[in-house]
Amino acid sequence: MAAAVDAGIYAGRRARLLAQLPPGAVAVLQTAPEVTRNADSEYLYRHDSYFYYLTGFTEPEAALVLVAADGDAPARAILFCREKNIEREIWEGYRHGPEAARAAFGFDEAHAIGTLDERMAALLSDAPALYYALGGTLDVRVAGWLSAVRAKARTGVTAPSVAADVLPLLDEMRLIKDAHEQAIMQRAADISAQAHIRAMRAARAGVHEYELEAELLYEFRRNGAQAPAYNAIVAAGANACVLHYSANNAPSRDGDLVLIDAGCELDGYAADITRTFPVNGTFSAPQKRLYELVLAAQEAAFKAIAPGLPYAGAHEAAVRVLAQGMLDLGLLKGELEDIIAAKRYTQFYMHGTGHWLGMDVHDVGQYRDVTQADKPSRALQPGMVVTVEPGIYVRPAEGVPEEYWHIGIRIEDDVLVTADGHTVLSAAAPKTVADIEQLMQQP
Ligand code: GLY
Ligand code: MN
Ligand code: MN
């Protein structure tokens, strides 16, 4: 049996979406397909985030149809899902079937997924508008549904004359995390922070990157997280300068820093945390100088996170601190304002300072206020969650002090915007030089 869900949360989200649709409009969302790995093995199934946001339903082969209220006709939420199948359930496990799913998840109706096409022709008859993920995998099917409706034109039935993208409406909703989502994200961050602590404790010169990855995965799973939210980066020494390093197969060497970017997915929500630490438990002097610089950049970015402040402020604050530090440490020469204006800091800091975080690790939502002509950076609002992830990556180059070569550092936390500022969800992962060294030097 599946665990009970709080159906009211998802019904509330459906109601909020329905309230934004024209009377009688129909919206359709489908969950993600299962993906074959090879032969009859499949990749671990992951539902579609939009579908899950509106249903809480995690079985594959499912779709949601919403019909907006129209005059006396009330709004309807209709689930399409797999039928009960004792034979398949012996092999693959429990499936709700339409009737149990309707009752458990609070839909008005539920039907077998195999009936979707024929029922859509009826549901779209005389509907003024159809909302779905325009340009996605439903396009061909939508064309078939519209043909089926138009085939009934002689009886006076009309097909929707408007097709609209449903995703921007959902992106805006998903961008502001409700209390239920915030609680899950806090727990995902806590589990992930414990995983980073576990990896730090397991570190010693000579340990392989994959051995540390194993510690992370162990901590995720033993706490009930379903999967990593993304492929963990465990990068020792010079590998930390490869931004999307994924091999995780090298041995560490005494004196290396190890950069770990890893977070779990818990109940559909991601954590995204990076810590960088000395594999032998003690930062060298050059490592410490660069580390303190990245930490100061992150502190400056945190100060730029509060309701009403622009999203881009955190990046600008971090860049200013990093660029000044690059001058102070002799990585760059010249004037601070020139370095910032010409983006010369990108020699050592070539990515943004964060992104929205939620169901997807790079979550949905506009970063700019697209309702204004000049599309300024949008103002932060309570309930938004951003990552703050400054870094520095020093590849050998002429004029760059050799003591910094091959050092890569990133510090990444997950930050919830609150009514009076922000909360760092991932604060349990140690971060200061003193805290990291103390943790790693404990017997
Ligand atoms: N782990 C992906 C990122 O930091 O954006
Ligand atoms: Mn990130
Ligand atoms: Mn990350």
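The values are calculated or read from the model by the stated rules, or taken from the named source; none is laboratory data. Note that the structure is predicted; figures quoted are calculated from it, not measured. Positions of Cβ are generated from backbone atoms using ideal geometry, with glycine treated the same way; all protein chains shown enter the neighbour counts. Ligands, DNA and RNA are stripped out before the accessible areas are found, and what is left, the full protein with its side chains, is counted by its heavy atoms. Shrake-Rupley method; radii C 1.70, N 1.55, O 1.52, S 1.80 Å.
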Quiz prompt | Share of Cα-Cα pairs in the stretch 1-152 lying beyond 24 Å, as whole percent | solution = 33
Quiz prompt | Cα lying deepest toward the dipole's positive end in the stretch 1-144, options A62, I86, G24, charges on Cβ | solution = G24
Quiz prompt | 4 °C / 1.567 mPa s Stokes-Einstein diffusion coefficient of the stretch 353-402, Kirkwood radius on C-alpha pairs, µm²/s | solution = 94
Quiz item: How many percent of Cα pairs in the stretch 374-443 exceed 18 Å?
Solution: 62
Quiz item: Under a GNM of the chain (C-alpha, springs under 10 Å), which listed residue has the highest mean-square fluctuation: G114, G408, G56?
Solution: G114
Quiz item: Across 5 Å bins from 0, what is the distribution of all Cα-Cα pair distances for the stretch 291-345, in whole percents?
Solution: 4, 22, 27, 21, 16, 7, 2, 0
Quiz prompt | Sum of -39500 (n - 2.57) over DSSP H runs of 4+, divided by residues of the chain (222 nm, nearest 500) | solution = -10500 deg cm²/dmol
Exercise. Sort the following peptides by mean Cβ neighbour count (other Cβ atoms within 10 Å, averaged over residues), highest first: 131-137, 373-379, 211-217.
Key: 211-217, 131-137, 373-379
Exercise. Please provide three numbers in whole Å: the alpha-carbon extents of the stretch 152-295 along the principal axes, with the largest listed first.
Key: 80, 29, 28
Self-check item: Relative contact order of the chain, defined on C-alpha pairs under 8 angstrom at six or more residues apart (%)
Solution: 13
Exercise. Give the accessible surface of the stretch 168-242 per residue, rounded to a whole number of Å², with probe radius 1.4 Å and ligands, DNA and RNA excluded.
Key: 40
Quiz prompt | Cα centroid separation - the stretch 188-228 against the stretch 1-44, whole Å | solution = 31
Quiz item: Hey, quick one: spin label on Q20, modelled 7 Å out along Cα-Cβ, who in the stretch 127-147 has an amide N within reach, i.e. under 14 Å?
Solution: 131-134
Quiz item: So what's the projected area for the chain, the Cα convex hull averaged over all directions, in nm²?
Solution: 25.6
Quiz item: For the stretch 237-287, with only Lys/Arg (+1) and Asp/Glu (-1) charged at the beta-carbon, what is the dipole magnitude about the Cα centre, in debye rounded to 20?
Solution: 240
Self-check item: Rg to Rh quotient for the stretch 61-149, alpha carbon positions, Kirkwood Rh
Solution: 1.01
Quiz item: Taking only the alpha-carbon positions of the stretch 30-107 and ignoring solvent, what does the Debye formula give for the base-10 log of I(q)/I(0) at q = 0.19, 0.20 Å⁻¹?
Solution: -0.87, -0.94
Quiz prompt | Cα-based convex hull volume of the stretch 217-368 per residue, rounded to whole Å³ | solution = 138
Exercise. Return the long-range amide H neighbours of A227 (sequence gap of 5 or more, or a different chain), with a cut-off of under 5 Å between placed amide H atoms.
Key: E265
Self-check item: Full-extension gain in nm, N249 to A427, via 0.36 nm per residue minus C-alpha separation
Solution: 61.2 nm
Self-check item: Ordering of 228-236, 330-338 by burial proxy (mean other Cβ atoms within 10 Å per residue, highest first)
Solution: 228-236, 330-338
Quiz item: If you take the Cα Rg of the stretch 307-443 and divide it by 2.2 N^0.38 Å, with N the number of residues, what do you get?
Solution: 1.22
Practice problem: Note down the magnitude of the dipole of the chain about its Cα centre, charges +1 on Lys and Arg C-beta and -1 on Asp and Glu C-beta and zero elsewhere, to the nearest 20 debye. | Solution: 360
Quiz item: Hey, any idea what % of the chain's accessible area is carbon plus sulfur with a 1.4 Å probe?
Solution: 53
